[in-house]
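Data first, discussion second: the structure below is written as structure tokens.
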Amino acid sequence: MTDRAATPRFVPWPDSISRPLVSPIQPAAVYVAESPDMLDAQYEGRTSGYTYAREGHPNADVLARQIDALEGVEGGWICGSGMAAISAVLLGCLKSGDHVIGGDQLYGRTLRLMTDELPRFGIETSLGDTTDADAVAQALRPNTKMMVIEVVSNPTIRLADVVALAALTKERGITLVVDNTFTTPRSFRPADWGADIVVHSVTKILAGHSDATLGYFAARDPDLQTALIARSVTMGLTPSAFDCWLAERGLMSFPLRFDRSEQNAERLATALAEMPGVRRVLYPTRQDHPDHNRTGALLGQRGGHMLSFEIEGGRAAANRLTKAGATIAFAPTLGDIGTTLSHPASSSHRGLSAEGREKLGISEGFFRVSVGVEDPDALIAEFAHAVAASQSEV
Ligand code: PLP
């Protein structure tokens, strides 16, 4: 005979009149319903409640509401990575015969999705220079349904002509998608500038600790958002509850981290520009930035936490720089609490031909810096040491 007492059984969660200060983690993959009638009520939206984690779970919803508040939108949805969110939007909106145009300096995997994957589904794609709205207008086709842009390009820190592009998409009935990962809602809120859909890699500075991989999308049209969520659920782009919980914790300090990183970035940009061997520094608030005239209007004079610079001496000098700057993590990511350095020619842009990189101004001596919250004097001293070492044999 089976001993029921020896069988682990479900025990209801203890009641508490007080609530936990921190959101609980809810890793359940599935939820237990009382009856088929109750399930009907849930699926038909007559009552709220979760059924199966792929279709939504509380940790994702809590995080989505927090990012909604930062972005000034409603009903955003969390996915398992930034690329999952971008895939949900592109595959969820476009169909065979449509044309989509993207910025030629979008994040590398977004470019790959557009140029390598979408054409397999009969979707035409093309790329344009989003700093030049006239050139983008020339590239539109009668079947253009979507435009995908980033406000600040990666890694050359160019500023898109958002005002002209938003007017163009509105006039032509084209859906404008803005990836706001680089800029963040602290310096730019796409919905306020006419974007139809905002996306994020939450993995970056919103979560901020390089320990959670997540994405977010929000369409301003509620019907479109409902359709995109349904497609995202069907495609299984669901985030982990634990990652959402980590990101929620990270998000609490996002404004502080962003502001401090930005102050450090501004100081580092100034210091780098004076270091021997540094050819150029790209940072939006610098007078010599090619799109400086747009910084005030678009970013409210906020330069953000990202900068790029180029040194003399090509690949050999670049190798010396990363080896000498041992405390600066050489890692192809951004938005971590600490400073990270990346070398686009050997990582994000290695897929481009040498001519393609040259056209974008990405040489072997080109670095991108995601500035963290460290002591700024120590950070500048470490860069000074690394740059000096890089030039030792030039
Ligand atoms: N968008 C931008 C601007 C990014 O930099 C990245 C990743 O680096 C992504 C999207 C993709 O995000 P994830 O790595 O979370 O998939």
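The values are calculated or read from the model by the stated rules, or taken from the named source; none is laboratory data. If you're wondering where the values come from, they're calculated on a predicted model, not measured in any experiment. Backbone-built Cβ (ideal geometry, glycine too); neighbour counts: all protein chains shown.
In the range 353-371, how many residues are more than 16 Å from the ligand (Cβ to nearest atom) and either touching an Asp or Glu at 6+ places or on another chain (Cβ under 9 Å) or part of a helix (DSSP H, G or I) (or both)?
Number satisfying all stated conditions: 10.
Can you find even one residue in the range 311-325 that is in a loop (DSSP other than H, G, I, E, B) and either aliphatic (A, V, I, L, M) or within 26 Å of A191 (Cβ to Cβ) (or both)?
no
Given S363, S353, S348, which one is among the polar types (S, T, N, Q) and either buried (at least 22 other Cβ atoms within 10 Å of the Cβ) or in contact with a helix residue (DSSP H, G or I) (Cβ under 6 Å, 6 or more places away or on another chain) (or both)?
Testing whether each residue is among the polar types (S, T, N, Q) and either buried (at least 22 other Cβ atoms within 10 Å of the Cβ) or in contact with a helix residue (DSSP H, G or I) (Cβ under 6 Å, 6 or more places away or on another chain) (or both) leaves just S348.
If E374 satisfies all but one of (1) crowded, with 20+ Cβ neighbours inside 10 Å; (2) away from the ligand (no atom under 16 Å from the Cβ), what's the number of the condition it fails?
(1)
Based on this model, can you work out whether A326 counts as among the aliphatic types (A, V, I, L, M), over 26 Å from E262 (Cα atoms) and out of contact with any Lys or Arg (no Cβ under 6 Å at 6 or more places or on another chain)?
no
Within the set of pairs 6 or more residues apart or between chains, which connect a residue that is over 9 Å from Y216 (Cα atoms) inside the range 61-72 to a residue that is charged (D, E, K, R) with Cβ atoms less than 7 Å apart?
Note: pairs meeting the criteria are V62/E248; L63/E248; Q66/E248; D68/E74; E71/R189; G72/R189; G72/D192.
Filter the range 274-317 down to residues that are free of Cβ contacts under 8 Å to residues at least 60 places away in the same chain and either touching a Leu at 6+ places or on another chain (Cβ under 7 Å) or small (G, A, S) (or both) and give me whichever is surrounded by the fewest Cβ atoms within 10 Å (Cβ to Cβ).
G296
Quick check on the range 74-85: of everything there that is under 21 Å from D192 (Cβ atoms) and buried (at least 23 other Cβ atoms within 10 Å of the Cβ), which residue is nearest to the chain's Cα centre (by Cα)?
The extreme case among them is A85.
Which one is farthest from the ligand (Cβ to nearest atom) among residues in the range 326-339 that are buried (at least 20 other Cβ atoms within 10 Å of the Cβ) and closer than 16 Å to V387 by Cα?
The extreme case among them is I328.
Tell me the helices (runs of 4 or more DSSP H) entirely within the range 16-132 that contain at least 1 residues that are within 16 Å of the ligand (Cβ to nearest atom).
58-71, 82-93, 108-112
Just to be sure, is A297 at pLDDT below 95, out of contact with any helix residue (DSSP H, G or I) (no Cβ under 6 Å at 6 or more places or on another chain) and outside any loop (DSSP other than H, G, I, E, B)?
Taking the combined requirement at face value, the residue satisfies it.
Can you say whether A230 is part of a loop (DSSP other than H, G, I, E, B), modelled with pLDDT of 95 or more, under 23 Å from A29 (Cβ atoms) and among the hydrophobic types (A, V, I, L, M, F, W, C), as far as the supplied structure shows?
Numbers: part of a loop (DSSP other than H, G, I, E, B): no; modelled with pLDDT of 95 or more: yes; under 23 Å from A29 (Cβ atoms): yes; among the hydrophobic types (A, V, I, L, M, F, W, C): yes.
It is false that A230 is part of a loop (DSSP other than H, G, I, E, B), modelled with pLDDT of 95 or more, under 23 Å from A29 (Cβ atoms) and among the hydrophobic types (A, V, I, L, M, F, W, C).
Please go through the range 96-116 and pick out each residue that is farther than 22 Å from R357 by Cβ and surrounded by 14 or more Cβ atoms within 10 Å (Cβ to Cβ).
If the condition is that a residue be farther than 22 Å from R357 by Cβ and surrounded by 14 or more Cβ atoms within 10 Å (Cβ to Cβ), then D98, H99, V100 are the ones that fit.
Tell me the strands (runs of 3 or more DSSP E) entirely within the range 154-222 that contain at least 1 residues that are surrounded by fewer than 23 Cβ atoms within 10 Å (Cβ to Cβ) and more than 15 Å from the ligand (Cβ to nearest atom). Outline the logic, then answer.
Details: elements: 175-179, 197-201, 215-219.
So the answer is 175-179.
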